Amino acid sequence: MNRAQSETVGFVLVFALIVASTGIVYVAGFSTLDDARAAEDLNNMERAFDVLADNVDDVSTGDAPSRATELRLGGGDLVLGETVNVTVRTNVTATPIPIHTRPIVYRLDGTEIVYTSGATFRTDRGETVMLSEPDLVVSDRQVILPVTDVDAGSGNTAMGGDSTVLVRTRRKSPPTTRSFATNDSGVAVNVTVESPRAEAWQRLFQSRGFDTCHEHSATNVSCTVETDELHVSWTTTSAEFRR
């Protein structure tokens, strides 16, 4: 009798151990698979945003009137973000050049992939890196600042889920360029960027040869440089999302 009870208790204990182990493996395994899938989705989105940046550049430079870029959301959200302000000032004129653009932002599991003004960014845990840089030229002879002014089109500006979305960009105005030069002491250029990714912009400007940068806040940075000629070019482009 005691032997039968011992066998029963042993069976119950072994069975409970198997069930518990299976549950732990099941939960941990699915969590790992979810993490791996999210990481792969973000890596794929980085590559897709490279294509998006090239397409927006084609539109903004006048090579194409419109472009459509296919993005698979993979459970994330795609939105037109809050306005980024770029202001260019010089000693040649008292009138600044203000440019306002809305970034295209993909969000998944606390990570953002962003396109704005010819650059792509990735933000993880509050740290932002610039994945690709705009065609910025900085030298003693000339500074060329290309900026893409993106605003909302007539369609959706926010989508989410696991579907495939077309990001359609259209040129709303021809490219505009303003040039400045002086025969005296040169052109003093000041560029101020108001953006959640201001620190990444500061690193770019400093790496390209801007003399000084001042971080006024976490979202506001100003950088200066002197040159012989300044050329600022921008194009107004609309963006909308379609399934």
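Report, to the nearest whole %, how much of the accessible area of the stretch 92-243 belongs to carbon and sulfur atoms, 1.4 Å probe, protein only.
Values: 3230 of 7170 Å².
Roughly 45 percent of what the probe reaches on the stretch 92-243 is carbon or sulfur.
Using the Kirkwood radius built from alpha carbon pairs, what does the Stokes-Einstein equation give as D for the stretch 179-237 at 25 °C and 0.890 mPa s, in µm² per second?
Here the translational diffusion coefficient equals 197 µm²/s.
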**Q.** Around Asp63: net Lys/Arg minus Asp/Glu count, Cβ-Cβ under 15 Å
**A.** -1
Q. What's log10 of I(q)/I(0) for the stretch 107-175 at q = 0.16, 0.18, 0.20, 0.28 Å⁻¹, Debye sum over Cα points only, no solvent?
A. -0.81, -0.96, -1.08, -1.27
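Local charge sum around Val167 (other residues, Cβ-Cβ under 10 Å, Lys/Arg +1, Asp/Glu -1)?
Working: positive: Arg67, Arg168, Arg242; negative: Glu70, Glu240.
My count for the surroundings of Val167 gives +1.
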**Q.** Whole-number accessible area per residue in Å² for the stretch 126-243, which is evaluated in the context of all protein chains at 1.4 Å
**A.** 49
Q) Residues with beta-carbon under 14 Å from that of Pro96, excluding Pro96: net charge, scoring Lys, Arg +1 and Asp, Glu -1? A) +1
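The values are calculated or read from the model by the stated rules, or taken from the named source; none is laboratory data. Values in this document were obtained by computation on a predicted structure and should not be read as measured data. No Cβ is skipped: glycine too gets one built from the backbone with ideal geometry, and neighbour counts run over all protein chains shown. SASA here: full protein model, heavy atoms, side chains in, ligands and nucleic acids out. Shrake-Rupley method; radii C 1.70, N 1.55, O 1.52, S 1.80 Å.
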